[in-house]
1. Return the residues of segment 222-242 that are aliphatic (A, V, I, L, M) and either within 14 Å of Ala38 (Cα to Cα) or more than 14 Å from the ligand (Cβ to nearest atom) (or both); say none if nothing qualifies.
2. Between a residue in segment 364-393 that is within 26 Å of Gln218 (Cα to Cα) and any residue that is hydroxyl-bearing (Ser, Thr, Tyr), which pairs come within a Cβ distance under 7 Å, given they are 6 or more apart or on different chains?
3. Which of the residues belonging to segment 1-42 are under 24 Å from Gly132 (Cα atoms), more than 21 Å from the chain's Cα centre (by Cα) and surrounded by 10 or more Cβ atoms within 10 Å (Cβ to Cβ)?
4. Checking the structure you have, find out if any residue of segment 145-159 is within 15 Å of the ligand (Cβ to nearest atom) and in contact (Cβ under 8 Å) with a residue 40 or more places away in the chain.
5. Please go through segment 142-160 and pick out each residue that is of a type outside the set (A, V, I, L, M), open to solvent by 50 Å² or more (accessible area, probe 1.4 Å) and under 28 Å from Lys244 (Cα atoms).
6. (1) part of a loop (DSSP other than H, G, I, E, B); (2) open to solvent by less than 10 Å² (accessible area, probe 1.4 Å); (3) over 30 Å from Val160 (Cα atoms); (4) away from the ligand (no atom under 13 Å from the Cβ): which one isn't true of Ala267, the others all being true?
7. Taking segment 123-141 as the region of interest, how many residues are more than 13 Å from the ligand (Cβ to nearest atom) and open to solvent by 10 Å² or more (accessible area, probe 1.4 Å)?
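The values are calculated or read from the model by the stated rules, or taken from the named source; none is laboratory data. All values reported here derive from a predicted model rather than from experimental measurement. Every residue, glycine among them, receives a Cβ derived from its backbone with ideal geometry; neighbour counts consider all protein chains shown. Just the protein is used for accessible areas: all its heavy atoms, side chains included, with ligands, DNA and RNA removed. Shrake-Rupley method; radii C 1.70, N 1.55, O 1.52, S 1.80 Å.
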Amino acid sequence: MSSVSLYETYVRAPIRFERGEGVWLTTEDGTRYLDFAAGIAVNSLGHAHPHLVEALKTQADKLWHLSNLYDIPGQEELARRLTEATFADRAFFTNSGAEALECAIKTARRYHHSRGDTGRFRIITFEGAFHGRTLATIAAGGQAKYLEGFGPKVEGFDQVPYDDDAALKAAITEETAALLIEPLQGEGGIRPIPDERLRAIRQLCDDAGILLVLDEVQSGVGRTGKLFAHEWAGITPDIMAVAKGIGGGFPLGVCLATEEAASGMVAGTHGSTYGGNPLAMAVGNAVLDVILEDGFLDHVRDVALVMKQGLAAIQDRYPDVIDEIRGRGLMIGIRTVMPNTELVGAMRAEHMLSVPAGDNVVRLLPPLTTSVEEAREGLARIEAAAARLSSSKKAISA
Ligand SMILES: *Cc1c(COP(=O)(O)O)cnc(C)c1O
């Protein structure tokens, strides 16, 4: 039995971090790590960003919590800025990604219900998807490893293969309310939906009279070099779930929707005790101050290009370690030849953090504030990690 009185749901790396600054984390014993995991795409502005620290401290002196029984000016402000910057007209704030998805799913079902189309409640999702760990979102994600042992799967989710358009079309019935997808799968292994296909999917939804719901919990808020990943394809969804990067490390999510898609969500249909809490709003607004600054997304794209070129060169030198580089912006996947956890381990030995994903991929999700020099430092460490695996493999076969 473990000596720690926690659920044993996580297999944790035995490293204890004490503080962070930008892209760097420091352990209790003073070892510095380059953090290209960023709390799984959460620390969008790195650790201890002065503007975020200031925003949180200032709000902490005023008010922590009110409930949604009263006006919260920070919510109105953040909702106004998010709707001005996106397709959306309405926002509902949550504390996590899964809750933003729950709100998105409820909004889509309720839309059809409020129009008298009460039989339309089913949601189509893609194989390899990840939408969270609540009972509805594990049903939406459809992954057996997350569903097993938790009783009957929540009804109303139909999963289709990742790249089978015929199966997708065939799955749409008169009971279908919406299609829910990540424009760029995160946990599934940094698997992008080509722009052209996303446009075709938008058209398919329009033709079938169903809503397009995007999960941009991981790909959103500047991660791919646009404010949201779907912008690359030039389409807009009807509903979108956002979290992770929007809070920069403070628990915050949001469900965004058009006026029409949100029309069924009238008084009393949904709620959250903490959602939109003044502390979260102060931090969310501070994150947007930085990300919406002129030139910020250009910086993300510049650093992403350095990473892309550097990784391609490393792949050329170590084809026995790296099989493929993919992704967009600073949402990067390295598909490895050996089990992906070996590269994650070798990088950790080089004092660099990354995240394993599906399809044998190692995810790089550095803070969006990572500088070109820090990106080059990261590349040097990845190269050293690849060399470890490459030579150790040769040593074994020799
Ligand atoms: C992380 C993630 C979620 C779940 O977010 P939580 O905050 O863990 O509930 C949902 N969708 C995607 C794409 C994610 O990456």
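1. Result: Leu227, Ala233, Ile235.
2. The qualifying pairs are Leu364/Ser354; Pro367/Ser44; Leu368/Ser44.
3. Within segment 1-42, Ala13 is the sole residue that qualifies.
4. No, that holds for no residue.
5. Selection gives Lys145, Glu148, Gly149, Phe150, Lys153, Glu155, Gln159.
6. (2)
7. 1
Yes or no, residue by residue, for (1) open to solvent by 10 Å² or more (accessible area, probe 1.4 Å); (2) of a type in the set (Val, Ile, Thr):
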| site | (1), (2) |
| --- | --- |
| Ile172 | yes, yes |
| Ala208 | yes, no |
| Glu216 | no, no |
| Ser219 | no, no |
| Thr224 | no, yes |
| Thr258 | yes, yes |
